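The structure appears below as structure tokens.
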Amino acid sequence: MAVLSLKRNKIKMHADDVARRNPMHKKHLIILFVFFCVYAFFIIFPYLWVIVSSLKTKTDFYNNPIGLPSSFVWSNYLEIFKLEDYSLPVMFKNTLILCFVCPTLSCLSGTLAGYVMAKYNFKGRKFIYALYILPMLISLCGTSMSTYKLICSDDGLINLKGSFFSLFILACNGTGMNFLLIYSLFASVSDTYMEAAEIDGAGYYAIFVHVMLPHAMGLIGTLWIMSFIGQWNDYAGAYIFLGYQPEYATIATGIQKLTEKVEESGGALNGNYPVLYASIVLTVIPMVILFLCFQKQIMKLSLGGGIKE
């Protein structure tokens with residue numbers, strides 16, 4: 001914190017010095033400040049509006065959609081847990097299962113593939129490397145139909161429609177950006193570590209686990225967190241392979257189904273948007289906490305600093 005405070009003071013002193021030398025620069029800074037304040041307002045306002053709307057009654061929401069509630073109604077957050085279909089506890093349970101298993105399988109397969117491709121020479125290595133990179137060049141829309149017919153169709157190889165194992169299998173592919181980042185990291189690690197371990201009598205397994213893997217644990221942990229967030233927000237995969245079955249509802253598909261129930265006429269949730277917004281707020285809170293806890297690792301990878309430790 002002291003280092004960050006010192007850097008902020010230096011930046012402020014530099015900006016003040018530039019403004020004193022060039023008065024026009026100060027005007028430009030004021031214009032930029034106003035612009036970014038307005039920009040930040042338009043970004044933050046929808047979130048604040050959803051939070052405020054979740055604390056209103058149904059009548060208050062329609063009579064005063066923009067203003068503050070006449071009285072804060074916290075019972076909307078309890079109403080979500082009383083729903084028979086697409087209840088929030090079931091959605092959380094299914095989403096957490098996918099968020100822990102899928103990123104783990106993805107990072108495990110990507111780590112093994114990246115290590116072998118980076119540290120061992122064998123026939124067909126370049127061709128296999130190209131196959132691992134190829135999925136990054138093909139749009140998901142171009143492969144979703146064939147993947148569905150392979151995994152979930154009645155006349156396909158297997159039929160795992162409505163099963164978590166369909167998404168588990170897809171997570172084991174080990175291709176894409178995760179593979180590329182892990183491959184780049186292992187390629188940057190000197191072979192001297194492996195040679196020294198071989199001289200000491202270490203085998204392939206011991207070299208990987210005790211010598212090479214510690215170099216990549218920081219990157220693998222960051223990729224796992226990013227995959228966790230991606231899986232939490234995943235709608236397409238859950239919808240295609242799990243469908244809208246209440247017992248397999250995730251956060252994404254469950255919120256979509258609750259939206260349809262709110263918009264349909266004659267239902268128990270007809271027009272009750274405050275309850276819907278309360279469910280949205282509850283599903284966003286875990287991701288906010290996760291980002292606040294690991295924002296340093298996430299931003300490090302996002303800025304391109306996650307390839308080397």
Could you sort 128, 225 by accessible area so the largest value comes first, with the probe set to 1.4 Å? 128, 225
Protection-proxy order for peptides 172-183, 54-65, each taking the mean of Cβ atoms within 10 Å per residue, highest first: 172-183, 54-65
Rg [Å, one decimal], Dmax [Å, integer] - region 81-240, C-alpha atoms: 18.7, 64
Quick shape check on region 145-212: root eigenvalues a ≥ b ≥ c of the Cα gyration tensor, a/c under 1.5 is rounded, otherwise prolate if a/b tops b/c, else oblate, and it reads prolate
Ranked from the most accessible area to the least, with a 1.4 Å probe and all protein chains present, what is the order of 224, 74? 74, 224
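The values are calculated or read from the model by the stated rules, or taken from the named source; none is laboratory data. Here the structure is a predicted model, which is why all the values come from computation and not from measurement. A quick note on method: Cβ atoms are made from the backbone with ideal geometry, for glycine too, and the neighbour counts reach across all protein chains shown. These accessible areas exclude ligands, DNA and RNA; they are computed on the full protein's heavy atoms, side chains included. Shrake-Rupley method; radii C 1.70, N 1.55, O 1.52, S 1.80 Å.
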